[in-house]
Amino acid sequence: MNVETLNCPNCGAAVSGDAARCIFCKSRLKTVACPACLRLIFLGSEHCTNCGAKTVKPQIVSAENLGDCPRCQVKLSLLQIEEISLRECAECDGLWSDAATFENICASRESQAAVLSFISTKQSAVEIKRSTKISYVPCPDCRQLMNRNNFASSSGAIIDLCKQHGVWFDAEELPKIIEFVRRGGLDHARQKEKIKLEDEKSRLHQQQLQLRLERNRFIEPTDDWDSGSSLTIREFVRFLFD
């Protein structure tokens, strides 16, 4: 795989895209995706070196009642990325999203690009420290233990879900989900759900026919399952919280 040559946002020197530090000014470097063309740039760069698009810097605001990190038990801070509000743990880089925000990220390519601009998909030292033991963590809002869920059943990203309040993403999980959505993973999952609903509809219909034969009277089949065939991405994500 070819490694791109980028410019250090601090001193402007040419540095390879996989460098952890600038060899000239020793600044710590982290690559993110350009929100416009998705090419790699260094976090802190004002413009993309490929397309020239101006980057948007996230605004981290201290606020009350944001809850504690489910893993580190430290106070979460508010992370504002354009119109997207997330909560961030400064210790482990985990993110908390309410259901509506997560729904918007899954449905909007603009939101996906904005989030990817500030989240590195590279593994960090946090992952090395993290225990491989499966553990259930509490929701930052209600403190009840959350369910662990393989997002869309096939993404490979195991998220922690509170159906009343939102989703917790460990450091690498939200970028992984966004890439899954961009590859058409949600469309495929919705198609599988449609087939499942259609099969269930057929099964119910067969049960109704059997009852008609047994009772010698016609029972009108229900249309409740028809809505599943036209699930939108937003409806499918919302379905996960039901």
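Each reported figure results from applying straightforward, stated rules to the coordinates on display, with no laboratory input. These figures come from a predicted structure and were not determined experimentally. A quick note on method: Cβ atoms are made from the backbone with ideal geometry, for glycine too, and the neighbour counts reach across all protein chains shown.
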Report task. Would you mind checking Lys176/Lys201; Lys54/Lys75; Lys163/Lys194; Lys54/Lys163 for any pair whose Cα atoms are more than 27 angstrom apart? Result -> Lys176/Lys201; Lys54/Lys75; Lys54/Lys163
Report task. Tell me the label-point distance for the pair Gln164, Ala19, using the 7 Å Cα-to-Cβ offset, in nm and rounded to one decimal. Result -> 5.1 nm
Report summary line: Length gained if Asp199 through Thr5 is fully extended, taking 0.36 nm per residue and subtracting the Cα-Cα distance, is 64.6 nm
**Report entry** Karplus-derived 3J(HN,Hα), 6.51/-1.76/1.60, for each residue of the stretch 204-209, Hz, glycine and proline x
**Finding:** 5, 5, 5, 4, 5, 5
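At 0.36 nm per residue, and after removing the present C-alpha to C-alpha distance, how many nm does the segment from Cys37 to Gln144 gain when stretched out fully? Let's see the in-between values first.
Values: separation 107, 0.36 × 107 = 38.52 nm, distance 4.03 nm.
Extra length from Cys37 to Gln144 when fully extended: 34.5 nm.
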Report summary line: Computed ³J(HN,Hα) along the stretch 97-113: with the Karplus parameters 6.51/-1.76/1.60, θ = phi - 60°, integer Hz and x for glycine or proline, the list is 10, 6, 4, 5, 5, 4, 4, 5, 4, 5, 9, 10, 5, 5, 5, 4, 5
Query raised in the report: If the chain between Glu214 and Gln80 were fully stretched, how many nm would it gain, using 0.36 nm times the residue separation less the Cα-Cα distance?
Result: 42.1 nm
